[in-house]
Amino acid sequence: MELTHFSRRGILGDLLEKYASDGELQFTPPDVLKLPPISQRGNVNEIIGKFGGADQLRTAVNQLHFSMLKSQQPSFSLGLFKGWV
């Protein structure tokens, strides 16, 4: 695996931590890329470059955000309601 993959994974991990500590308001690129600990991985242009461009970074952040939202929603099984019908 190339070093860039680990850099991207670290940046996404930092974004998760930022989201957990500060909430969704701080989860908006490019502003969030200027805040520690993410900013310690490079300036905004360097971080965008590690993802191959702004569109690729945006896609990765959107996928991460979608995964977080999906994991927060309760999942219901129809089997739970079997006896209620």
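What follows draws every value from the coordinates through simple rules; no lab data is involved. Please read all numbers here as calculations on a predicted model, not as lab measurements. Backbone-built Cβ (ideal geometry, glycine too); neighbour counts: all protein chains shown.
Could you give me the radius of gyration and the Dmax of the stretch 3-66, taking only the C-alpha atoms into account and expressing both in angstrom?
Rg and Dmax of the stretch 3-66, Cα atoms, are 10.4, 30 Å.
What is the extension gain from LYS70 to ASN43, computed as 0.36 nm multiplied by their sequence separation minus the C-alpha to C-alpha distance, in nm to one decimal?
Here the segment from LYS70 to ASN43 would lengthen by 6.7 nm.
Give me the net charge of GLU46's neighbourhood, meaning all other residues with Cβ under 15 Å from the Cβ of GLU46; Lys, Arg count +1, Asp, Glu -1.
+3
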